[in-house]
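Student: Pasting in a structure now, in structure tokens, and then I'll have a few things to ask.
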Amino acid sequence: MSSDTMLVDTLARLLEAKSRPADVQAAEQEDGWHAALWRELDALGLADLDNFDPEHGLSDQLAVLQLLGRHAASVPFLEAVMIGQWLCRQAGLEAPPGIVLVAPLDPSGGMSAAKTGDAWQLAGTAAKVPFARAGDRLLIVAAGPDGPVVAALDPSGCTLARSANMAGEPRDTVRLDGLRLPASSVRPLPDSVTVAALWERGALGRAAMMAGALQRALELSLQYAKDRKQFGRPIGAFQAVQQNLAILAAEVTATRAMVDLAGRVQGGRHQRAAVASAKARAGRAAGIAARIAHQIHGAMGFTDEYPLQLFTRRLWSWRDEFGSDRDWAQVLGTLAAAEGPGGLWPMITAAGDR
């Protein structure tokens, strides 16, 4: 695949038909995620990492995530494909059929693994695991005696406590109480895959989804400003509203630009700086955009019948997942300081250097 018109148009048509506001609300009220839509994505080949061209794979995945965010699609593409299947590939594990999820994704961990004879024993708790209830297989990243390990297991071996974020999406707690696994199910986390790298990958994917949600908030606001009339003319004709719409459009454009840049420089020397910039920018934009969009819509924007709240609730939820804008701003500042005197400008202008 490549991130061309065919990929974008095919997925966009599917989401227009299958992820309408009513579909999103129905999924939220049922099990928190849209299983039927996931099956449609699977039928298109979008639920399999191997179907993405290695040369353009990450750009394609970010394009998919932006569209999913633009349609508030509650499916675990980021968690299962961009993180779960990718970790299987990096760790030399065979990716089983179905949804493969990783827990925990927080760099602070929460899981431990101990060797007991010819087996392993896993214990600990991972909170707010996205879509854990939907997983067919779990990859547990745990602290082992000689470094991090990854263990593949059936979710039935875990205790699962259901919860959700502000958008109604599954954010479950996974608990292991001394689960024993054969040695064949546990292996060291490769040197090429750190927990921080998984977190970084999640942050980039979430920023892409936020870019899509921001785009939809802008579109809804533009249409409402055109349709809503006050004092005999559309509210979009008033200068104050026009100024707010311009600010909103600028936030959307800046976020999309940073996500696109971060996708292009993966593997480069300044990859982490680009991801930090994208997630920090998306987090900042989320607050500004949600405030402006709701100001333009007035009380209408908060009603269940109107779709704006589907996107602003996601923006408010996603901005703190995989690190907040403050967290990533601190990372970016640390990276800039490490470049030494005069290093900031080269870091910015040479973001694609490997």
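Student: Only one of the values (i) 36, 24, 18; (ii) 28, 25, 20; (iii) 37, 21, 19 was calculated from this structure for semi-axes √(5λ) of the Cα gyration tensor in Å; name its label.
Tutor: Only one option fits the structure, namely (i).
Student: Rounded, prolate or oblate: which one fits the range 147-283, using the alpha carbon gyration tensor with axes a ≥ b ≥ c (rounded when a/c is under 1.5, else prolate when a/b beats b/c, else oblate)?
Tutor: Oblate.
Student: Another question about this same structure. According to the square roots a ≥ b ≥ c of the eigenvalues of the Cα gyration tensor, what is the shape class of the range 1-91, taking rounded for a/c under 1.5, prolate for a/b larger than b/c otherwise, and oblate for the remainder?
Tutor: Oblate, since a/c reaches 1.5 and b/c is not below a/b.
Student: Right, something else. Hey, can you find the accessible area per residue of the chain for me, probe 1.4 Å, expressed in square angstrom?
Tutor: 44
Student: Only four residue types carry charge here, +1 at the Cβ of Lys and Arg and -1 at the Cβ of Asp and Glu. Report the dipole size of the range 100-255 about the Cα centre in Debye, rounded to the nearest 20.
Tutor: Using Cβ point charges on Lys, Arg, Asp and Glu, the range 100-255 gives about 600 debye.
Student: Under 1.5 on a/c is rounded, so check that first for the range 286-354, then, if it is not, pick prolate when a/b is larger than b/c and oblate when it is not; a ≥ b ≥ c are the square roots of the alpha carbon gyration tensor eigenvalues.
Tutor: The shape class here is prolate.
Student: Next up: Could you please state how large a percent of the accessible area of the range 202-303 is carbon and sulfur, counting protein chains only and using a 1.4 Å probe?
Tutor: In the range 202-303, the share of accessible area belonging to carbon and sulfur is 55 percent.
Student: Would you please name the GluC sites (Glu not before Pro) within the range 233-328 that are DSSP coil residues with at most 10 other C-beta atoms within 10 Å of their C-beta?
Tutor: In loop regions of the range 233-328 (DSSP not H, G, I, E or B), the sparsely surrounded GluC sites (Glu not before Pro) are 305.
Student: Too long at a 31 Å Cα-Cα cut-off: which of 18/128; 128/229; 115/279?
Tutor: As for pairs spanning more than 31 Å Cα to Cα, those are 128/229; 115/279.
Student: Tell me which of 112, 98, 21 sits at the most positive position along the dipole axis of the chain, charges placed on C-beta atoms (Lys, Arg +1; Asp, Glu -1).
Tutor: After comparing all options, I get 21.
Student: Taking only C-alpha pairs under 8 Å that are 6+ residues apart, what is the relative contact order of the chain in percent?
Tutor: Taking the mean separation of contacting Cα pairs over the length of the chain, I get 16 percent.
Student: About its Cα centre, how strong a charge dipole does the range 305-354 have in debye, to the nearest 20, once Lys and Arg get +1 and Asp and Glu get -1 at the Cβ?
Tutor: 60
Student: Let me ask something else about it. Which listed residue (140, 150, 257) has the Cα farthest towards the positive end of the charge dipole for the chain, taking +1 on Lys and Arg C-beta and -1 on Asp and Glu C-beta about the Cα centre?
Tutor: About the Cα centre, the residue reaching furthest to the positive side is 257.
Student: Okay, next question. For the chain, what is the charge dipole size about the Cα centre, in debye to the nearest 20, if Lys and Arg each add +1 at the Cβ and Asp and Glu each add -1 at the Cβ?
Tutor: 1020
Student: Rank 236, 144, 340 by mean-square fluctuation in a GNM of the chain with C-alpha springs under 10 angstrom and give only the top-ranked residue.
Tutor: 340
Student: Restricting to DSSP loop positions (anything but H, G, I, E, B) with no more than 15 other Cβ atoms inside 10 Å of their own Cβ, which trypsin sites (Lys or Arg not before Pro) remain in the range 278-313?
Tutor: In loop regions of the range 278-313 (DSSP not H, G, I, E or B), there are no sparsely surrounded trypsin sites (Lys or Arg not before Pro).
Student: Which one, 64, 322, 310, is farthest towards the positive end of the dipole of the chain when Lys and Arg carry +1 and Asp and Glu -1 on their Cβ?
Tutor: 310
Student: Relative contact order, percent, of the range 119-184 when contacts are C-alpha pairs under 8 Å separated by at least 6 residues?
Tutor: It comes to 47 percent, rounded to a whole number.
Student: Would you work out what percent of the accessible area of the range 54-113, with all protein chains in place, is carbon or sulfur (probe 1.4 Å)?
Tutor: Carbon with sulfur: 49 percent of the solvent-accessible area.
The values are calculated or read from the model by the stated rules, or taken from the named source; none is laboratory data. Since the structure is predicted, the reported quantities are computational estimates derived from the model, not experimental observations. Counting neighbours? That spans all protein chains shown, and the Cβs are built from the backbone with ideal geometry, glycine included. Remember, those area values only see protein heavy atoms, side chains included, never the ligands or the DNA or RNA. Shrake-Rupley method; radii C 1.70, N 1.55, O 1.52, S 1.80 Å.
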